[in-house]
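Working notes for the structure below.
We did not get these values from a lab; they are worked out from the coordinates using the rules stated. These numbers were taken from a predicted model, which means no experiment stands behind them. Cβ placement follows ideal geometry from the backbone for every residue including glycine, while neighbour counts extend to all protein chains displayed.
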Amino acid sequence: MVLSFILTMLQQSVGQEIGCFYSNTSNLWLLKKVFPGPLSISRCRDFCPSNSIWFGLEDGRTCYCGNPSAYFTAQAAPLSDCDTPCDAAINCGGQKVSALYKGKSYQGCYENPTKVSIPFNQPKADLDVARCLETCQNFQLFLLTQGDKCICTNQQPELKRRDDSECIENGIKCTGGEKCGGFERVSIWSIENSMGEFETIEKEVKTATDSLKQENVTDNEVFEAAKVIETATSNVKFVEEDTGRLEDIADFMETLAHLGEPSVNITRPIVNTVNNLMKLDEEIVQMSSAETGRVLDALEQQISNLQTKDGNYTQITDKIGIKALKVNPRHIKTSLSFGTVAQSSQYSALNNTRMLDEQDDLAKAKTVISIPAEYLQLYSNGSSNNNSNVPISFIIYDNPILFVPASDPLKSANDTNTSEFSSREIVGSQVIAVKIEGNQTTQSKNQMTSNVTAMFVTDPVSC
């Protein structure tokens, strides 16, 4: 098997074709993906984490991410063997439009100016994105137009934006085309990297964590630090490039949760951070040694922190649904239930599901957790008062990607509760969790665990 590879040379900032290689050398690959749709060099590069160092394309449809330690074991093959065109071979603009690039990143399609202030390069018989990038290595931007012309510039031209299809699908083919390997052959390229940007973000994350360790840290400082982490994780490449950063993020989350700040403003970016992390590539997370369960423990602790003040809280994102509330166990007649149903047009979505807490809707639920009233009444919060409310939180995680258990349990600085009940269960492709805080005996807690866990069901309508 032979692939078309791309190598990340950390000391270079421009693209350069390296050659064609056989792909059947052992231990070359970290990840592999067959693209059902169009594949291009840039699409394969974007799929692979930057720390894989090199990547390659085979037969115009398969992308491989290389093992950095195995690059020099690859065996060279004739260049003519890597001649399969990419399914999504990028066009080089059109007669009246230009495709704008920053590095290898496509920025948009623009009209060609009637008067060109930047000189056109001479037509190139073998022009493609990589060769224009190499030509413009001392410039910030470049444009491809008319199939064989490359323009270098440091400022984005003030031109009218056109539909991308005019430059890509319906544009003029690059004279050099894009080659995506061949049968059992790979083309190897160097690519531009984003190490400088990610190193800056990494420093900001560590600074944010350190800021939480100061004495007398203010709510605003905690909020600003939480926003830093939310922003950092919004770029999944930042984490996928170096999964060791998951530990840095977990350190931050634990530090924040330990502060015990009961603030909605602080909680929302923390939920968004976990939502971002749940979009990571599952294979990359599985290959890491990070205890990603620390992140979830910290999130659930922060929800507990919030309940010490505000009590009720709801937040639904595309990967997480949270419902936290305080209930009086004596007011629950049969059970307290929480679940999801197939999405319909009038429902708020958590992908294909909706969060439920209405009894009438639960009959339609596909996944549900139900806590019988007699077990809720085991909680008194240390009070015989009939109005004593118990904090309960339900969380639905859209996938189990972060469920690598933490070695040590996390407690808030304000946490004196040693008899809380918590449980997580995988139901279908989702994970549904419950946490109840209050005072109970060890015997009743054991009884609670066995009965509530048993109440996790799938598609109760058919049960």
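Per-structure values
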{"read-out": "Under Karplus coefficients 6.51, -1.76 and 1.60, residue-wise ³J(HN,Hα) of the stretch 208-218 in Hz, glycine/proline x", "value": "4, 5, 4, 5, 6, 8, 6, 6, 6, 5, 8"}
{"read-out": "Residue order, fewest to most beta carbons within 10 Å, for His258, His331", "value": "His331, His258"}
{"read-out": "Packing-based exposure ordering (other Cβ within 10 Å, fewest first) of Ser335, Ser165", "value": "Ser165, Ser335"}
{"read-out": "Whole-Hz couplings from phi, Karplus 6.51/-1.76/1.60, listed for the stretch 250-260; x for Gly and Pro", "value": "5, 4, 4, 4, 5, 4, 5, 4, 5, 5, x"}
{"read-out": "Amide H within-cut-off set for Ala77, under 5 Å, with H built and near neighbours excluded", "value": "Cys20, Phe21, Tyr22"}
{"read-out": "Amide H contacts under 5 Å for Arg162, placed H, 5+ residues apart", "value": "Cys109, Tyr110, Glu111"}
{"read-out": "Residues Arg424, Arg161, sorted so that the one with the fewest Cβ neighbours within 10 Å comes first", "value": "Arg161, Arg424"}
{"read-out": "Net charge over other residues, Cβ less than 12 angstrom from the Cβ of Lys227 (K, R count +1; D, E count -1)", "value": "-3"}
{"read-out": "Electrostatic dipole magnitude of the stretch 209-324 [Cβ: Lys, Arg +1; Asp, Glu -1; Cα centre; debye, to 20]", "value": "480"}
